[in-house]
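Please read the structure below before turning to the comments.
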Amino acid sequence: MKNSVSKDIIEKWLTAWCLSRELPLPVKYKSGFKVDVGFEKQKFRYVFPEINEDIIQLSKEITEPWIYLKFCGLPEKIQNKVPDRWKVQPQGFMMHCTTPMKILKTELNPAYKFEIENYNSTAVIRILTQNNELCAEGRVIIVEDIALYDRIFTENKHKRKGLATFLMKELESIALSKKIYTNFLVATSEGKLLYKNLGWELYSYYTSIVIEK
């Protein structure tokens, strides 16, 4: 795990995140970045490579709900440094992979099919039943020399059927076809085990705080 995360990595990762969601690209804000997200329960997000005075000062100035402050590090780093109105969100895990994933040749079960869509440097792979029911989906976004894997999910009733592994392999193939070998994603507690088993490593803890209504 990295002791520190570079601002360059954060900018590329956040740019890919915005491209994936068709949002305005991040703008620099002091030592970090700001994104105008515009969702009902996420108006803006400020992202910093580490906990520092910039994020602490923002936490004192912001009083309205649904503006997220995010940084690379553990939540313990911010305890007792921000007002009590801020609530820590479920832990995120920034992970990376710089070698081919540990996936043996896999084939999709004949009960399923998949399709690919492209937009904004983003490739979306959807796995569906033969009756066009969405079962799993994921994106890979290329920004300069990195590939970000984003919005990966499998519907509950289709889990443990190898769909996530197949999905990751197909997304990796897209990155490799563009000669991109440095891969990033932010995993939930539930998802990090899958990625670890595929050869991904923890790059940094990723902590979010927000004022909830």
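The modelled label-to-label distance between LYS157 and SER4, using points 7 Å beyond Cα along the C-beta direction, is 5.1 nm.
Checking understanding here: applying a Kyte-Doolittle mean of at least -0.5 and a length along the axis of at least 18 Å (C-alpha), which whole DSSP H helices in the chain pass? Both cut-offs are met by 7-21, 163-177.
The GluC sites (Glu not before Pro) of segment 23-71 that DSSP puts in a loop, and whose beta carbon has at most 13 other beta carbons within 10 Å, are GLU40.
Apply the a/c threshold of 1.5 to the C-alpha gyration tensor of segment 76-144 and tell me whether it is rounded, prolate or oblate.
Prolate shape, in that a/c is at least 1.5 and a/b is the bigger ratio.
With a 10 Å Cβ neighbour count serving as the proxy for reagent exposure, in which order, fewest first, do MET1, MET94 appear?
Final ranking by Cβ density, sparse to dense: MET1, MET94.
Checking the a/c ratio against 1.5 first, then a/b against b/c, what shape does the Cα gyration tensor give for segment 1-63? It is oblate, given that a/c is not under 1.5 and a/b is not larger than b/c.
For a straight C-alpha distance cut-off of 12 angstrom, the aspartates and glutamates reachable from LYS192 (same-chain residues fewer than eight places away being disregarded) are GLU201. Once the C-beta distance of GLU40 and LEU104 is scaled by a Förster radius of 45 Å, the resulting FRET efficiency is 0.60 to the nearest 0.05.
Among the listed pairs LYS28/LYS81; LYS34/LYS113; LYS157/LYS213; LYS159/LYS179; LYS12/LYS169; LYS34/LYS213, those with a Cα-Cα distance over 27 Å are LYS34/LYS113; LYS157/LYS213; LYS159/LYS179.
For segment 172-212, the set of trypsin sites (Lys or Arg not before Pro) satisfying both a DSSP loop assignment and a count of at most 15 other C-beta atoms within 10 Å is given as LYS178, LYS179. Near ARG151, once Lys and Arg are set to +1 and Asp and Glu to -1 for all other residues with Cβ below 15 Å from its Cβ, the sum equals -4.
Put a dot 7 Å past the Cα of GLU212, heading toward its Cβ, do the same for LYS179, and the two dots end up 4.8 nm apart. Taking the DSSP beta bridges with both ends in segment 97-204, the antiparallel portion is around 90 percent.
Label separation (GLU64 vs ALA111): 4.8 nm, computed from points 7 Å beyond Cα along the C-beta direction. Within straight-line reach of LYS178, meaning a Cα separation under 16 Å, sit the following aspartates and glutamates at least 8 residues removed in sequence or on another chain: GLU144, ASP145, GLU170. Of all DSSP bridge pairs formed entirely within the chain, close to 85 percent run antiparallel.
Taking each residue as 0.36 nm, the span from LYS81 to GLU53 lengthens on full extension beyond its C-alpha to C-alpha distance by 9.1 nm.
Dividing the Cα radius of gyration of segment 97-204 by 2.2 N^0.38 Å, with N the residue count, gives 1.02.
Since every read-out is calculated from the coordinates, none of them should be taken as a lab result. Keep in mind that what you see is a predicted model, and the values were worked out from it rather than measured. Reconstructed Cβ throughout: ideal geometry from the backbone, glycine too, with neighbour counts over all protein chains shown.
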